[in-house]
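Structure record follows, encoded as structure tokens.
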Amino acid sequence: MEKKKADPLWDGSSNRNPSDIGFWALIREDFATHQRDFFSQGFFALVVHRFGNWRMSISIRLVRLPFSVLYMLFAKLTQIFCGIKLDYTVQVGRRVKIEHFGGMILGARSIGNDVVIRQNTTFGIRDASDLAAKPTIEDGVNIGAGAVIVGNITIGHHSKIAPNTVVIENIPPFSTVYVKPTIVTKNV
């Protein structure tokens with residue numbers, strides 16, 4: 001039985017920052033979410049992401065071009081110096097906290113409000129046969145370090161994903177997902 005392909009991803013042709021708040025208010029809110037730490041790599045990644053979306057509200061391509069070049073430069077610098085890849089085509093909600101930096105590929109379909117993401121986290125596809133099959137992270141999800149969330153799945157609101165957990169199936173709201181530890185003892 002062949003699996004149904006995921007719906008197409010958003011094409012990036014418009015501003016998909018949260019519509020209930022202005023650009024600068026959103027940046028101030030992200031700053032507060034990151035404990036007002038201007039040097040927080042997570043804050044910097046979100047500023048670049050928000051800027052990437054904001055520039056798409058400029059309808060004249062020629063006027064938008066210098067902003068697009070700036071976005072591409074800052075997005076690459078964010079990957080190199082912060083270790084965080086978060087393309088503007090990922091819809092990101094409000095008060096998202098990227099708590100630590102490094103080793104983060106955040107290729108989700110969407111990330112909801114009040115989500116906490118820790119280092120070495122990967123969101124993305126599970127199989128190269130369906131490049132649109134990316135996860136949806138709902139509101140209030142808390143994601144531990146080293147978590148891998150892949151495929152066309154949904155992580156239900158207010159769920160907790162423990163560190164180093166690989167998630168490949170839908171998770172219902174208010175769930176806790178963890179890897180059961182395996183204890184290995186050596187007889188002496």
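The values are calculated or read from the model by the stated rules, or taken from the named source; none is laboratory data. The shown structure was predicted, so the numbers you read here are calculated from the model rather than taken from an experiment. Note that each Cβ is placed from the backbone with ideal geometry, even for glycine, and that neighbours are counted across all protein chains shown.
If I filter region 71-85 for residues that are touching a Lys or Arg at 6+ places or on another chain (Cβ under 9 Å) and within 24 Å of Arg36 (Cβ to Cβ), do I get at least one hit? Yes, some residue in region 71-85 is touching a Lys or Arg at 6+ places or on another chain (Cβ under 9 Å) and within 24 Å of Arg36 (Cβ to Cβ). Residue by residue through region 116-133, note down the ones that are under 11 Å from the mean Cα position of the chain (by Cα) and farther than 16 Å from Pro163 by Cβ. Listed by number, the list holds a single entry, Gly124. Within region 148-171, is there a residue that is farther than 26 Å from Ile21 by Cα and touching a Pro at 6+ places or on another chain (Cβ under 6 Å)? Checking region 148-171: at least one residue is farther than 26 Å from Ile21 by Cα and touching a Pro at 6+ places or on another chain (Cβ under 6 Å). Output the residue which, of all residues in region 141-188 that are touching a Ser or Thr at 6+ places or on another chain (Cβ under 8 Å) and of a type in the set (Gly, Ala, Ser), is surrounded by the most Cβ atoms within 10 Å (Cβ to Cβ). By that ranking, first place goes to Ala147. When Gly124, Gly103, Gly107, Gly112 are screened for being more than 23 Å from Asp11 (Cβ to Cβ) and not polar (S, T, N, Q), only Gly103 passes. Would you call Ser13 over 18 Å from the mean Cα position of the chain (by Cα) and at negative phi? Yes, satisfied. Given the criterion among the hydrophobic types (A, V, I, L, M, F, W, C) and within 17 Å of the chain's Cα centre (by Cα), identify the matching residue among Phe39, Phe44. Sole residue among the options that is among the hydrophobic types (A, V, I, L, M, F, W, C) and within 17 Å of the chain's Cα centre (by Cα): Phe44. Looking across region 134-183, not a single residue is closer than 19 Å to Gln91 by Cβ and at pLDDT below 95.
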